[in-house]
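Just below is one structure, and these are the notes that go with it.
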Amino acid sequence: MEKQHITKNLSIKRNNNKTLLFFLSLSILVIVAFILDIAIGSANITMGSFIKTIFGQITDESTKYIIFETRMPRAVTAIVVGGGLSLSGLLLQTLFHNPLAGPYVLGISSGAGLGVAIYTMTALTFFSIHPVISAAGQAVAAMLGAAMVFMLVLVFSWRLVDTVSLLIIGIMIGALASSVVGILQFFARPEVVHRFVIWTLGSLGSTAWIHLKFIIPVFFLSIVASVFLLKPLDAMLMGEIHARITGVNVNGTRLMMIIISSVLVGTITAFTGPIGFVGMTVPHIVRLISGKVSLKYVLPGVLLIGPSVMLLCDIISQLPGRAETLPINGVTAFLGAPVVIFLIVRSRKLKTNI
């Protein structure tokens, strides 16, 4: 008996060491990707100049501006966007028990797009607005549009028992918002439509430190709220009936998941535009790499792999050494679509894990 106890303790210790090594490796990956994202870009800055500028040994104002006011806010935005969308995707996949659910499944991003469309295709069509005020107005319009859809989803969430019906309603709300956007585009001026289309492609470079002061607190509050939901979420992985038997307040947990996902996605979309595939694919990447299903392992995993993936996409989108910048949605789709195809092929096996 004592020998079995010792063997069990050694096995637990080995598993804990593997888990610690896994998260340590992911943390190093985020740091390396962050440094590379700041160091690499269209402007030619040598690694020596980059290191000296970071440590304050170079006083060249143009280099300092590029690193601290352009590349660093962009890299921080990539971390927040990657982590936030991945967290939202994890919550929604747990909520709907659907491996292909993502942050946009409730129509929140479509609502944000509708808010921006109304603003850009009405206010900017009939009035001349200062660029700074215009950018701020666009962000506010996106958040208001996301909040509008969020309120609709909340109303339906109280009336619907099953999450599948709520999923369908979210898709229909998104389709309705997209149809209104299409009508607005038909009547708007070409240059205004062009501006809106650019926003829909997604961008990490449009955010500055002043925007991050708003985005980062929302991101960290969402993480804290999700940590408090870990035990109920793990119970819901086994189904709502099992969760109710174990004493979980399923309706309250579901409401909190919707609030966290909606606020997080709405805020990110307001400042960066809609960015696809990251939230849907990263939770599965974490499960495949770690071999874990419990959210106490998957949650910190998505908060590390999500930023790494987004930083990698940002590096690729900047076309290092060239002046052009690719739309970030094009890069995330290029990397994410093969993962989605792989997930569909393995869908039967995935359903048993979620």
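Please treat every number below as a calculation from the coordinates, not as lab data. The structure presented is a predicted model; accordingly, all values stated were derived computationally and were not measured. Ideal geometry is used to build each Cβ from the backbone, glycine not excepted, and the neighbour counts take in all protein chains shown.
Table for the structure above
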item	result
Those residues of segment 286-300 which are touching a helix residue (DSSP H, G or I) at 6+ places or on another chain (Cβ under 6 Å) and either among the aliphatic types (A, V, I, L, M) or surrounded by 24 or more Cβ atoms within 10 Å (Cβ to Cβ) (or both), in sequence order	V286, L295, V298
For H194: the one exception among (1) under 15 Å from T94 (Cα atoms); (2) surrounded by fewer than 18 Cβ atoms within 10 Å (Cβ to Cβ)	(1)
